[in-house]
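One structure is given below, encoded as structure tokens.
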Ligand code: F3S
């Protein structure tokens, strides 16, 4: 019998839940509402809100005066909010408090004259926002290897994009510690991300197939996928249930399922249902049913 395990921490984190709720509320208000870039890195969620009249634009100039703008959980650079306010745009700020903390940390490092290093992806919107809080005066690195190229400096300050891999962050820190007389580290990796990663790792060790659900553009989904794959277990990243191929299940006795922070429960449920369909006696972790209740 195929055993199906769903990670309890799969799917929306507190920050995304908050953004989702805020967008629902905004959609019910009069007036036009926009997000700058997709509300979360998930196509289905974006479509869901598009149907409710929330449009996604890439630039603030595409928003008319007096319309509303929802700032997504990734946050934005401070000048974006200033420009929007200057144009009479109403702001609903869903920046995750944990991302706001990174903003404060880099602003502090900047004020105190540290060479700032951000462990993250240069093109990720969260990192673009963080850069705005230190006047774009920071070096963004994606790996410990890249940390090797940072110049020696008396004082270096290190923060992380919230959804990066924690072990990698420690590796970056151990490279930088040799490059400065003083290295000030703020571990800004979000606990939800860390817990999700830890749970996915322990699940990977007890199954023979891992399915990681999330969009290509979701940084934390990609991290989860890499981590599960690195345990040596057969791992597939999927965006929805239709992508599952039956032949993946050949010789498989136990399947683990996890999902990134931007993956809604309705997609997770479809995947679990599909796996259950292959099975005559499925077994879920305790608490799974409740996790589908929004
Ligand atoms: Fe916030 Fe962590 Fe989610 S930083 S948006 S709670 S992944």
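Only one of the listed residues (10, 19) is in contact with a strand residue (DSSP E or B) (Cβ under 6 Å, 6 or more places away or on another chain), within 15 Å of the ligand (Cβ to nearest atom) and over 14 Å from residue 90 (Cα atoms). That residue is 10.
Among residues that are within 16 Å of the ligand (Cβ to nearest atom) and surrounded by 14 or more Cβ atoms within 10 Å (Cβ to Cβ), residue 49 is not included.
What is the number of the single condition among (1) within 16 Å of the ligand (Cβ to nearest atom); (2) touching a residue at least 60 places away in the same chain (Cβ under 8 Å) that residue 159 does not meet? Every listed condition holds for residue 159 apart from (2). Within the stretch 41-62, the set of residues being out of contact with any helix residue (DSSP H, G or I) (no Cβ under 8 Å at 6 or more places or on another chain) and assigned to a helix (DSSP H, G or I) comprises 43, 46, 47, 48, 50, 51, 61, 62. Of the residues that sit in the stretch 177-207 and are out of contact with any strand residue (DSSP E or B) (no Cβ under 6 Å at 6 or more places or on another chain) and assigned to a loop (DSSP other than H, G, I, E, B), which one is nearest to the ligand (Cβ to nearest atom)? Going through the qualifying residues, I end up with 190.
Per-residue answers, yes or no, for (1) surrounded by fewer than 19 Cβ atoms within 10 Å (Cβ to Cβ); (2) within 16 Å of the ligand (Cβ to nearest atom); (3) without any contact (Cβ under 8 Å) to a residue 12 or more places away in the chain:
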| site | (1), (2), (3) |
| --- | --- |
| 79 | yes, no, no |
| 99 | no, yes, no |
| 113 | yes, no, no |
| 118 | no, yes, no |
| 121 | yes, yes, no |
| 128 | no, yes, no |
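For residue 147, the criteria (1) within 26 Å of residue 228 (Cβ to Cβ); (2) surrounded by fewer than 18 Cβ atoms within 10 Å (Cβ to Cβ); (3) touching a strand residue (DSSP E or B) at 6+ places or on another chain (Cβ under 9 Å) hold in every case but one, which is (2).
Is there a residue being farther than 26 Å from residue 4 by Cα and more than 18 Å from the chain's Cα centre (by Cα) anywhere in the stretch 196-203? Within the stretch 196-203 (the criterion being farther than 26 Å from residue 4 by Cα and more than 18 Å from the chain's Cα centre (by Cα)), the answer is no, since none of the residues qualifies. A single member of 67, 19, 27 is crowded, with 16+ Cβ neighbours inside 10 Å and closer than 15 Å to residue 264 by Cβ, and it is 19. Has the stretch 99-116 got at least one residue that is part of a strand (DSSP E or B) and modelled with pLDDT of 95 or more? Checked the stretch 99-116: at least one residue is part of a strand (DSSP E or B) and modelled with pLDDT of 95 or more.
In the set (1) farther than 30 Å from residue 242 by Cβ; (2) not in a helix (DSSP H, G or I), the condition left unmet by residue 26 is number (2). Against the conditions (1) in the same structural domain as residue 199 (by TED's automatic domain parsing); (2) without any contact (Cβ under 8 Å) to a residue 60 or more places away in the chain, residue 8 satisfies every one except (2). Is it true that residue 220 is in a loop (DSSP other than H, G, I, E, B), under 21 Å from residue 167 (Cα atoms) and either within 15 Å of the ligand (Cβ to nearest atom) or assigned by TED's automatic domain parsing to the domain that holds residue 46 (or both)? When the stated conditions are applied, residue 220 does not pass them.
The values are calculated or read from the model by the stated rules, or taken from the named source; none is laboratory data. Note that this is a predicted model, so its numbers are computed, not measured. Neighbour counts run over all protein chains shown; Cβ positions are idealised from the backbone, glycine included.
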